[in-house]
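Worksheet: the structure to be examined is printed underneath.
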Amino acid sequence: AGHHRHSDSGPCAACEKGKYRDAADDDEATCSDCPDVETTLRPGGVSSASCVCDSGFRRNDTSTSCELCTDPDAACHAGERVPCGKHEQPTDDHTHCQCIPGYFRRNGTCALCLAGYHCDPATEDIQACPPLMTSLAGAQAVEHCECAHAGHVKYGAGASAYCACAPSHYQGDTH
């Protein structure tokens, strides 16, 4: 079970991931495919019960088929609902949970983005605002970074933004 023979005299090989072979199956040369949106967790599936829902899908409560995971507070993996943690939400495809906007992943949990930084929800990274710029805690994008000094004006946008004196001002001597 879980293996097939390449030829009449050849060695047996494990069925590849997404396929299985029952012990009772008379055809030693082939493995059966799991149904649509199902796979096996590893090579060598020994029966149709080895098939689980693909990530982003879960078993229907009333039947044995897999359906798209749409729970707003959970992802789905191997046919099971996996609740998202505090300050997390499922990705658009519901394959895993990610930090909500304005948070970043630190030691496996989501933490509020620090003042002076912005946190990209797609990468869950924390990045410093450009020079002479700062942000409030929870900033979700570089566009939320503003000039740190009164009298400075923000020029440009996104990662190329910078702060400088307003046109009617100049950087005076500081000594």
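The values are calculated or read from the model by the stated rules, or taken from the named source; none is laboratory data. In this text, all values refer to a predicted model and were calculated from it rather than measured experimentally. Heads up, the Cβs are rebuilt from the backbone with ideal geometry, glycines too, and the neighbour counts pull from every protein chain shown. To get the accessible areas, we keep the full protein, side chains included, count just its heavy atoms, and leave off ligands, DNA and RNA. Shrake-Rupley method; radii C 1.70, N 1.55, O 1.52, S 1.80 Å.
Looking only at the stretch 50-85, residues that are under 15 Å from the mean Cα position of the chain (by Cα), closer than 17 Å to Thr39 by Cβ and not in a strand (DSSP E or B) come to 4 in all.
Please go through the stretch 92-116 and pick out each residue that is under 30 Å from Glu146 (Cβ atoms), hydroxyl-bearing (Ser, Thr, Tyr) and surrounded by 16 or more Cβ atoms within 10 Å (Cβ to Cβ). Walk me through how you get there before you give the answer.
Here is the first cut: in the stretch 92-116, the residues under 30 Å from Glu146 (Cβ atoms) are 92, 98-107, 109-116.
With hydroxyl-bearing (Ser, Thr, Tyr) added as a condition, the list becomes 103, 109.
If the condition is that a residue be under 30 Å from Glu146 (Cβ atoms), hydroxyl-bearing (Ser, Thr, Tyr) and surrounded by 16 or more Cβ atoms within 10 Å (Cβ to Cβ), then Tyr103 is the only one that fits.
If the condition is being without any contact (Cβ under 8 Å) to a residue 24 or more places away in the chain, open to solvent by less than 90 Å² (accessible area, probe 1.4 Å) and in a loop (DSSP other than H, G, I, E, B), then the stretch 146-165 contributes Ala148, Gly151, Gly156, Ala157. Within the set Cys129, Cys119, Cys147, Cys110, the sole residue that is more than 27 Å from the chain's Cα centre (by Cα) and either within 30 Å of Pro83 (Cα to Cα) or modelled with pLDDT under 95 (or both) turns out to be Cys147. For Gly56, the conditions (1) at pLDDT 90 or above; (2) open to solvent by 40 Å² or more (accessible area, probe 1.4 Å) are fulfilled apart from (2). Annotation note: Cβ proximity below 9 Å between a residue of the stretch 129-145 that is of a type in the set (Asp, Glu) and a residue that is loosely packed, with under 14 Cβ neighbours inside 10 Å and not in a strand (DSSP E or B) (sequence gap 6+ or interchain) occurs for Glu143/Ala157; Glu143/Gly158.
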